[in-house]
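See below for the structure under consideration.
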Amino acid sequence: MIWDFPQPFTLPLVPLASDIDGLHHTNNAVYVRWCEAIGWSHSEALGLCLADYQRIDRAMAIRRGEYDYILPTVLNDKLTLATWLVASDGKLTMERRFQLIRDSDQTTILRGRWELVCIEVSSGRVRRMPPEFCQIYLPAVFHPALSEK
């Protein structure tokens with residue numbers, strides 16, 4: 001597959017009947033749910049889960065989400081969703097990117113991005129990333145600008 005960035009974390013997906021809307025394609029809200037699912041799966045694969053967020057009293061929360069819906073998908077399309085962490089200031093913020101490809105023709109269906117900010121779970125206030133986040137997330141961040149040089 002032709003990915004926007006190297007070494008994606010991927011998740012195979014297939015739209016179910018319950019994912020299809022009145023226009024007979026996958027409802028846009030389903031793509032957002034899929035992005036959330038792969039975001040959590042990626043975080044867990046790296047070594048941080050919801051229980052860790054609660055224990056540490058810190059979380060990476062979505063400050064802004066953007067989705068470009070390029071083409072529709074339909075019932076039973078075989079799809080692959082990919083995600084990457086592509087930026088971080090190492091203190092408060094990270095950026096996560098998404099790309100959804102239809103397996104049959106390798107066409108990109110959706111691109112998305114999240115701006116994430118570290119918060120204190122108990123108060124909702126912005127806080128610095130704890131050492132655990134820096135140790136686990138920062139080595140996984142792909143820096144596109146560095147790869148172009």
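Any residue at all in region 102-113 that is modelled with pLDDT of 95 or more, crowded, with 20+ Cβ neighbours inside 10 Å and touching a Pro at 6+ places or on another chain (Cβ under 7 Å)? No, there is no match, as no residue in region 102-113 is modelled with pLDDT of 95 or more, crowded, with 20+ Cβ neighbours inside 10 Å and touching a Pro at 6+ places or on another chain (Cβ under 7 Å).
Can you report the number of residues in region 118-134 which are outside any loop (DSSP other than H, G, I, E, B) and either loosely packed, with under 13 Cβ neighbours inside 10 Å or over 21 Å from the mean Cα position of the chain (by Cα) (or both)? Matching residues across region 118-134 total 1. Among residues of region 23-34 that are surrounded by 18 or more Cβ atoms within 10 Å (Cβ to Cβ) and at pLDDT 95 or above, those with a Cβ under 8 angstrom from a residue that is of a type in the set (Asp, Glu) and part of a helix (DSSP H, G or I), sequence gap 6+ or separate chain, pair up as THR26/ASP19; VAL30/ASP19.
All conditions but one from (1) over 14 Å from the mean Cα position of the chain (by Cα); (2) in contact (Cβ under 8 Å) with a residue 24 or more places away in the chain apply to ARG55; the one that does not is (2).
For region 69-87, a residue qualifies if it is crowded, with 16+ Cβ neighbours inside 10 Å and farther than 16 Å from ALA17 by Cβ, and the qualifying residues are THR80, LEU81, ALA82, THR83, TRP84, LEU85, VAL86, ALA87.
Residue by residue, here is whether (1) closer than 19 Å to MET129 by Cβ; (2) surrounded by 15 or more Cβ atoms within 10 Å (Cβ to Cβ); (3) not hydroxyl-bearing (Ser, Thr, Tyr) holds:
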| position | (1), (2), (3) |
| --- | --- |
| ALA37 | no, no, yes |
| TYR53 | yes, yes, no |
| ALA59 | yes, yes, yes |
| LYS91 | yes, no, yes |
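The values are calculated or read from the model by the stated rules, or taken from the named source; none is laboratory data. What you see is a predicted model, and the numbers here were worked out from it, not measured in a lab. Ideal geometry is used to build each Cβ from the backbone, glycine not excepted, and the neighbour counts take in all protein chains shown.
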